[in-house]
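The values are calculated or read from the model by the stated rules, or taken from the named source; none is laboratory data. What you are looking at is a predicted structure, and each value in this text was computed from that prediction instead of being measured. Methodologically, a virtual Cβ is constructed for each residue, glycine included, from the backbone with ideal geometry; neighbour enumeration extends over all protein chains shown.
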Amino acid sequence: MSEKLQKVLARQGLASRREIERWIADGRITIDNRVATLGDRVTGEEHIKVDGRVIHLKSLQQPPKVIAYHKDVGTVCSRADEEGRRTVFKDFPKLPGGGRWVLVGRLDITTTGLLLATTDGELANRLMHPKYEIRREYAVRVYGEVTPQMLQNLQQGVLLEDGMARFDRIIEVGGEGKNRWFTVELHEGRNREVRRLWESQGVQVNRLSRNMFGSVRLPRGLRKGKCEELTRPQIEALYASVQLASPFAQEQAVPAMGARSKSVRRKSVRNKSVRSKDVGNNEKKPLKKKVVRRKKRA
């Protein structure tokens, strides 16, 4: 089975499909030492390079994986850190065949909670793209007096340095003194957006944790620094939310088609045998000629 080159490379987490199409047009990708062109298809056995760097393809038959990770304070969302801080990738399970995890968004060093990672770069890119308006839910503790007018401002929209932003929903949970807890929802993931929104109203965020991303909620009982692999229905829901076909559809269709064909063949054989039998029974046997012998005269 072969797939389009840009689709396969996007699934490796290199870039979005459109970005990879631009790389192909610019001649930055080679397949078996020839310059790739738009429309090229690969099986996973080819020798592919991007800007001279060898890309080790995962098997095209390998189903994608998605994990839910409970991030702790002090860990960073990068593969390596110049300051020697612990990265979230240290806690992720190893993948066979040189595969790698792609983060679905990031959380800053002081933010805790749900972080998704996947082996499908195309899925990750779409989940992060503002076009699909994937919902995020956070638990946030703010320090300072919060008035009804502030809450109204935050839901109607405030102007930040990178444009208008707002919360889709704000629920006051409780708290003591000047520390108040809220649950907030928004449908985009700009850098430090939750913190900057609250700061625009003159209050400070001193605790922030993500509870939910899209249809996935932080698993109950999942300890900080630990991962849990998502189930097939959970993964399919994520694909559907960004208008991608189920990665398991083809896997399900093949046995179904095979079973149907086998059934049809059996039925055909049965019909054939019945027809043969019927034909045999209905055939008229040739009439035997009656031989009349004359008696000899005496």
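Numbers at a glance
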item: Tabulated pairs, segment 177-192, first free of Cβ contacts under 8 Å to residues at least 40 places away in the same chain, second in a loop (DSSP other than H, G, I, E, B), C-beta under 7 angstrom, 6+ apart or interchain; result: Lys178/Gly144; Lys178/Glu145; Arg180/Val146; Arg190/Asp162
item: Complete set of residues in segment 103-127 that are charged (D, E, K, R) and touching a Cys at 6+ places or on another chain (Cβ under 7 Å); result: Arg106
item: Residues satisfying the stated conditions in segment 229-267, i.e. outside any helix (DSSP H, G or I), surrounded by 15 or more Cβ atoms within 10 Å (Cβ to Cβ) and modelled with pLDDT of 95 or more; result: Leu230, Val242
item: Residues of segment 113-129 satisfying the condition of being modelled with pLDDT under 95 and touching a Ser or Thr at 6+ places or on another chain (Cβ under 7 Å); result: Ala124, Asn125
item: Residue match in segment 109-119 (condition: in contact with a helix residue (DSSP H, G or I) (Cβ under 8 Å, 6 or more places away or on another chain), assigned by TED's automatic domain parsing to the domain that holds Thr87 and farther than 23 Å from Arg217 by Cβ); result: no
item: Any strands (runs of 3 or more DSSP E) falling wholly within segment 1-117 and containing at least 3 residues that are crowded, with 18+ Cβ neighbours inside 10 Å; result: 66-71, 102-104
item: Residue in segment 228-238 that is in contact (Cβ under 8 Å) with a residue 12 or more places away in the chain, in contact with a His (Cβ under 7 Å, 6 or more places away or on another chain) and closer than 30 Å to Arg86 by Cα present; result: no
item: Only listed residue being modelled with pLDDT of 95 or more and in contact with a Cys (Cβ under 7 Å, 6 or more places away or on another chain), chosen from Tyr69, Tyr132; result: Tyr69
item: Residue selected from segment 120-133 under the condition surrounded by fewer than 22 Cβ atoms within 10 Å (Cβ to Cβ) and not basic (Lys, Arg), by the criterion nearest to Gln62 (Cα to Cα); result: Asn125
item: Among (1) under 21 Å from Ala15 (Cα atoms); (2) not assigned by TED's automatic domain parsing to the domain that holds Val205 - the single one Cys77 does not satisfy; result: (2)
item: Members of segment 198-223 found to be touching a Gly at 6+ places or on another chain (Cβ under 7 Å), within 21 Å of Val142 (Cα to Cα) and either in contact (Cβ under 8 Å) with a residue 60 or more places away in the chain or in a strand (DSSP E or B) (or both), listed by number; result: Val203, Gln204, Ser209, Arg210, Asn211
item: Residues within segment 132-183 that are of a type in the set (Ser, Thr, Tyr) and not in a strand (DSSP E or B), tallied; result: 2
item: Flag for Asn191 being of a type outside the set (Phe, Trp, Tyr) and surrounded by 14 or more Cβ atoms within 10 Å (Cβ to Cβ); result: no
